[in-house]
1. From the list F101, F126, F86, F105, which one is touching a strand residue (DSSP E or B) at 6+ places or on another chain (Cβ under 6 Å) and outside any strand (DSSP E or B)?
2. For region 62-83, enumerate the residues that are part of a strand (DSSP E or B) and basic (K, R).
3. Please name all residue pairs, on different chains or six or more residues apart, with Cβ atoms under 6 Å, provided the first residue is in region 113-128 and is over 16 Å from R91 (Cβ atoms) and the second residue is at pLDDT below 80.
4. Condition first: over 44 Å from the mean Cα position of the chain (by Cα), surrounded by 12 or more Cβ atoms within 10 Å (Cβ to Cβ), more than 24 Å from S43 (Cα to Cα) and not acidic (D, E). Can you find one or more residues in region 106-117 that meet it?
5. Answer with yes or no whether Y36 is outside the structural domain of I99 (by TED's automatic domain parsing), surrounded by fewer than 13 Cβ atoms within 10 Å (Cβ to Cβ) and over 24 Å from the mean Cα position of the chain (by Cα).
6. Kindly check whether there is at least one residue in region 77-89 that is exposed (fewer than 11 other Cβ atoms within 10 Å of the Cβ), out of contact with any Lys or Arg (no Cβ under 9 Å at 6 or more places or on another chain) and in the same structural domain as I62 (by TED's automatic domain parsing).
7. Quick test of your reading of the structure: T143 fulfils all but one of (1) surrounded by 11 or more Cβ atoms within 10 Å (Cβ to Cβ); (2) under 30 Å from L46 (Cα atoms). Name the failing condition by number.
8. Could you check region 66-76 and list, in sequence order, the residues that are surrounded by fewer than 18 Cβ atoms within 10 Å (Cβ to Cβ) and touching a residue at least 40 places away in the same chain (Cβ under 8 Å)?
Amino acid sequence: MKNFNFLTSAIIIFCLTQCGKKCEDVNIPYTVRESYTEMVSKSLELDYQKSSLYYERIPGAILFDELPQLKTKCTISNSSKYGGNFILSARIESQGQNITFNESFYIPAYSTKDCEMVKNINHYSFQSDIELSSWKVTAPTITVQVEETRYRDVTKYRLCNTCDPACQSDVATR
């Protein structure tokens, strides 16, 4: 009878271990969002402030063959952390004639510059009804390298035992 009990117990243990669910370790994938930094090129227009455009006619001397001049002046302040070439453009008209000014001025970062443009004119022009028809400042657009934080989805794996109840739902969805 002892052998029978021993044999029965051995068969029951064998059935339980072999016929039941086998436990095993499996890798379960999951996704996490990770940040990383990357150097990227960005174009940006420099910030600035400008004063009003001032203009005047400077008389010449006919006897000394000195031509009169038309002079424009504007103060430009570069309020960005980069320097660049600002373009000052103006068009002045008088009595059916016009003169166009267009000049570039390098202004370092956080600096102010008095920008003057001068052109010779003939002795009999721009004596009356002088009018500023248009003017503008064009700020430079520069390309800079900046460090940006970006994100990517990364698949990782965790080890999970199939007999663990917390793991069973993860295994079933695989």
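1. Within the list F101, F126, F86, F105, the selection yields F126.
2. If the condition is that a residue be part of a strand (DSSP E or B) and basic (K, R), then K71, K73 are the ones that fit.
3. H123/I62
4. Restricting attention to region 106-117, the residues satisfying the condition of being over 44 Å from the mean Cα position of the chain (by Cα) are none.
No: region 106-117 contains no residue that is over 44 Å from the mean Cα position of the chain (by Cα), surrounded by 12 or more Cβ atoms within 10 Å (Cβ to Cβ), more than 24 Å from S43 (Cα to Cα) and not acidic (D, E).
5. no
6. In the first step, residues of region 77-89 are kept if they are exposed (fewer than 11 other Cβ atoms within 10 Å of the Cβ); the result is 81.
Next, only the ones that are out of contact with any Lys or Arg (no Cβ under 9 Å at 6 or more places or on another chain) stay: 81.
Then keep just the ones that are in the same structural domain as I62 (by TED's automatic domain parsing); that gives 81.
For region 77-89, residues exposed (fewer than 11 other Cβ atoms within 10 Å of the Cβ), out of contact with any Lys or Arg (no Cβ under 9 Å at 6 or more places or on another chain) and in the same structural domain as I62 (by TED's automatic domain parsing): present.
7. T143 satisfies every listed condition except (1).
8. L67, Q69, K71, K73, T75
The values are calculated or read from the model by the stated rules, or taken from the named source; none is laboratory data. Predicted model, so just to flag it, every value in this text is computed and none were measured. We place every Cβ from the backbone using ideal geometry, glycine too, and count neighbours over all the protein chains shown.
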